[in-house]
Amino acid sequence: MNTSPARRSIEMTHQQLPPPALEVRNLSILFPAEGGTFHALRDLTFSVQPQEFVCILGPSGSGKSTLLRVLAGLLPPSAGEIRYADGKPPRIGYVFQQANLMPWRTAIENITLPLELQGIPRAQARQQAQELIELIGLKGFEEVFPRDLSGGMAQRVAIARALIQDPDLLLLDEPFGSLDALTRERMGSELLHLWQVRRKTVLMVTHSISEALLLSDRVLVLTPRPGRLALDFRVPLPRPRSDEMRYTAAFGKLSRRLKAAIG
Amino acid sequence: MEISIPNLNNLKPPLGGEAGVSAWLRRLRLFITPISLLLALLIWEGLVRIAQLPAFILPSPGRVASRFWQALTDGTLLRHTSTTLLEITLGLLAGTLLATVIGYLIAKSPLFEHLLAPYLVASQAIPIVAIAPLLVIWFGPGIFTKVLICALIVFFPVLVNTVVGLRAVPQELRALMRSLRATPWQNLKYLEIPAALPVFLGGLRVGATLSVIGAVIGELVAADRGLGFLINVGRGQYDTALVFVAVFTLVTLALLLYGVVILLERRMLAWQSEPYKRNGHKILD
Ligand SMILES: Nc1ncnc2c1ncn2[C@@H]1O[C@H](COP(=O)(O)OP(=O)(O)O)[C@@H](O)[C@H]1O
Ligand SMILES: [Mg+2]
């Protein structure tokens, strides 16, 4: 009965809060494999509140990316269902592990892409992008092609691209996975700052316990194949948070607890 | 060595430590082509004089030059060149258009690929020179046949590169476009065309050169105008200088077409090149 704390926390939020932004019920994903099929995700149930920041932790191959792909509508669920607040799939901002920029578009053109796809005139799109560029600290790099951007800068462009259409749901798949430790920490702080300015519902996959603690309201831990919900951990740190919190005793204690829980 | 780079934080080193040597090499390169051309002309002239070859075997450079001037001033050269150029242009356009459309369908649908693959492979096994007379029998000696041969010869390299280019579109970018709910048309415009363009233009570069060959094959088989026809005329009258004039004109046409595609590549693929090349320092392509 080790899933009962998670169940209880979901029931509690039902009573206290507005309807969840996202509800995942008994979600399973099956992939074909030699001699049959295998479960990448099995019987996953959780919900996410509007403007909640949720991190997903789990070993490689536990289906974290698969979960995000299902939530983004890139992959149909094999069983179970996903419910969104207004009944229809929301506008989604997706950030991949690699920046995944279009090499033939400059930084600003990459950021405006989602708006152009919505038919918003270029001039207006550029104006909106300009605001974001200042917010993410890339002023002066508007007309630079991706090949001339550093890893951290490219990833910031990717985040700006995900934010520009004002998504209802932000999905981040190990967005800082390819960065060095220092850059990664700085990007984490920047993301924290961004989220405090523009509150979004966020689901973020990460391997870093401290990143998860600093950023999120809740941490979902998945088991190795097949991915099931092992733990639904509410982060008791107060908001607003700042980078310095990483170095407090309470933070250290929490990381130890979370680490022990993951095993 | 200190290099100040404005704004960009990870430029590749523009010109390495041996900047002095490479600058000298660059200057030499500017002259090396003219020098080699001049040398070739001298050897040619020397060969004609020493071996005392008759003009119908090998005319001297001077003779070819004066024959060129004559053909230019009496309008012969222009008339025939414009015919060949028209055939090349139409053939290149038609072949490229067809190859792009069919290439897109093949890249998109395995069904199409299986349907067409045997014919495409077979068509490559048939030498175009061998079926050119057949095409003349079917479609007559007019311009249409030449355009057709041109298009056929251009078709394959452009087709292959279209397919390869489209298949190489990164899956991650496809996922991005899907997460943004892009329509198929938007997918084509914003992702597939720009992503496939470098490989596609590579095919076009080959196609452009081949199209000249296509036109000449057609004209050599049956024609009453065009540079291929001019070569036939020159041969028939032992006017070997005229053959040279026609051949050189053909080479010039091919180089011009090639140059146009290179120019297209530089304009459309500026994002691929090193920043310092983008600013006009590109030496070789
Ligand atoms: N399209 C697919 N077809 C088959 N198997 C897949 C596919 N995508 C992912 N998998 C498998 O599903 C499991 C979970 O993958 P993934 O979601 O990428 O894990 P994570 O992101 O947690 O490392 C892995 O074993 C992976 O090989
Ligand atoms: Mg993953």
Find all pairs meeting these conditions: Cβ atoms under 9 angstrom apart; at least six residues apart or on different chains; first residue within the range A:18-45 and polar (S, T, N, Q); second residue open to solvent by less than 40 Å² (accessible area, probe 1.4 Å) and more than 16 Å from ligand 2 (Cβ to nearest atom).
A:ASN26/A:THR45; A:THR45/A:ALA6; A:THR45/A:ILE10; A:THR45/A:GLU23; A:THR45/A:VAL24; A:THR45/A:LEU27; A:THR45/A:LEU229
Residues in the range A:191-214: is at least one within 16 Å of ligand 1 (Cβ to nearest atom) and open to solvent by 50 Å² or more (accessible area, probe 1.4 Å)?
yes
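With the structure loaded, tell me whether B:ARG67 is open to solvent by 70 Å² or more (accessible area, probe 1.4 Å), in a helix (DSSP H, G or I) and either more than 30 Å from B:GLY203 (Cβ to Cβ) or modelled with pLDDT of 90 or more (or both) or whether it fails that test.
So B:ARG67 fails the test.
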Count of residues meeting criterion [open to solvent by less than 80 Å² (accessible area, probe 1.4 Å) and more than 24 Å from B:GLY226 (Cβ to Cβ)] in the range B:79-109:
8
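Filter the range A:203-219 for residues that are among the hydrophobic types (A, V, I, L, M, F, W, C) and not in a helix (DSSP H, G or I) and give the result.
A:LEU203, A:MET204, A:VAL205, A:VAL219
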If you go through the range A:222-233 one residue at a time, do you hit one that is without any contact (Cβ under 8 Å) to a residue 60 or more places away in the chain, in a helix (DSSP H, G or I) and closer than 24 Å to A:GLN49 by Cα?
no
Answer yes or no as to whether A:ALA160 is open to solvent by less than 10 Å² (accessible area, probe 1.4 Å) and either out of contact with any Asp or Glu (no Cβ under 9 Å at 6 or more places or on another chain) or away from ligand 1 (no atom under 16 Å from the Cβ) (or both).
yes
Residue list for the range A:139-174, filter: at pLDDT below 90 and within 16 Å of ligand 2 (Cβ to nearest atom):
none
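Would you call B:VAL206 open to solvent by less than 60 Å² (accessible area, probe 1.4 Å) and under 20 Å from B:ALA99 (Cβ atoms)? Give the steps one after another, and end with the answer.
Values: open to solvent by less than 60 Å² (accessible area, probe 1.4 Å): no; under 20 Å from B:ALA99 (Cβ atoms): yes.
So B:VAL206 does not fit the description; no.
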Those residues that are under 20 Å from A:GLY93 (Cα atoms) and near ligand 1 (Cβ under 10 Å from one of its atoms), I need them from the range A:27-56; list them, please.
A:ILE56
Return only the number of the condition from (1) part of a loop (DSSP other than H, G, I, E, B); (2) in contact (Cβ under 8 Å) with a residue 40 or more places away in the chain; (3) within 8 Å of another protein chain (Cβ to nearest Cβ) that A:LEU113 does not satisfy.
(1)
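If you scan the range B:184-200, which residues turn out to be out of contact with any Leu (no Cβ under 8 Å at 6 or more places or on another chain) and either of a type in the set (Val, Ile, Thr) or within 24 Å of A:LEU172 (Cβ to Cβ) (or both)?
Listed by number, the residues that qualify are B:ASN187, B:ILE193, B:VAL199.
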Residue count for the range A:147-173, restricted to those that are under 24 Å from A:THR206 (Cα atoms), part of a helix (DSSP H, G or I) and at the interface with chain B (Cβ under 10 Å from one of its Cβ atoms)
6
Which pairs have Cβ atoms under 7 Å, sit 6 or more apart or on different chains, and link a residue in the range A:61-88 that is within 14 Å of another protein chain (Cβ to nearest Cβ) and outside any helix (DSSP H, G or I) to one that is within 16 Å of ligand 2 (Cβ to nearest atom) and open to solvent by 60 Å² or more (accessible area, probe 1.4 Å)?
A:LEU75/A:ARG69
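Could you check the range A:27-37 and list, in sequence order, the residues that are assigned to a strand (DSSP E or B) and either more than 16 Å from ligand 2 (Cβ to nearest atom) or under 22 Å from the mean Cα position of the chain (by Cα) (or both)?
Of all residues in the range A:27-37, those assigned to a strand (DSSP E or B) come to A:27-33, A:36-37.
If the condition is that a residue be assigned to a strand (DSSP E or B) and either more than 16 Å from ligand 2 (Cβ to nearest atom) or under 22 Å from the mean Cα position of the chain (by Cα) (or both), then A:LEU27, A:SER28, A:ILE29, A:LEU30, A:PRO32, A:ALA33, A:GLY36, A:THR37 are the ones that fit.
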Counting only residues that are under 22 Å from A:GLU52 (Cβ atoms) and modelled with pLDDT of 85 or more, which one in the range A:178-189 is farthest from ligand 1 (Cβ to nearest atom)?
A:SER189
Filter the range B:171-186 for residues that are at the interface with chain A (Cβ under 7 Å from one of its Cβ atoms) and among the basic types (Lys, Arg) and give the result.
B:ARG178
Which one of these does A:ILE108 not meet: (1) away from ligand 2 (no atom under 16 Å from the Cβ); (2) open to solvent by 20 Å² or more (accessible area, probe 1.4 Å)?
(2)
So is B:LEU176 open to solvent by 50 Å² or more (accessible area, probe 1.4 Å), touching a helix residue (DSSP H, G or I) at 6+ places or on another chain (Cβ under 9 Å) and part of a helix (DSSP H, G or I) or not?
no
Which numbered condition B:ALA40 fails, given (1) hydrophobic (A, V, I, L, M, F, W, C); (2) surrounded by fewer than 13 Cβ atoms within 10 Å (Cβ to Cβ); (3) assigned to a loop (DSSP other than H, G, I, E, B)
(3)
Which residue pairs have Cβ atoms closer than 6 Å, lie 6 or more positions apart in sequence or on different chains, and pair a first residue in the range B:216-227 that is under 15 Å from B:ALA254 (Cα atoms) and in contact (Cβ under 8 Å) with a residue 12 or more places away in the chain with a second residue that is surrounded by 24 or more Cβ atoms within 10 Å (Cβ to Cβ) and of a type in the set (A, V, I, L, M)?
B:ILE217/B:ILE149; B:LEU227/B:ALA246
Being within 21 Å of the chain's Cα centre (by Cα) and buried (at least 21 other Cβ atoms within 10 Å of the Cβ) is the filter here; which residues of the range B:220-230 pass it?
B:GLY226, B:LEU227, B:GLY228
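The values are calculated or read from the model by the stated rules, or taken from the named source; none is laboratory data. Nothing here was measured: the structure is a model prediction, and the numbers come from that model. Cβ atoms come from the backbone with ideal geometry, glycine included; neighbour counts cover every protein chain shown. Remember, those area values only see protein heavy atoms, side chains included, never the ligands or the DNA or RNA. Shrake-Rupley method; radii C 1.70, N 1.55, O 1.52, S 1.80 Å.
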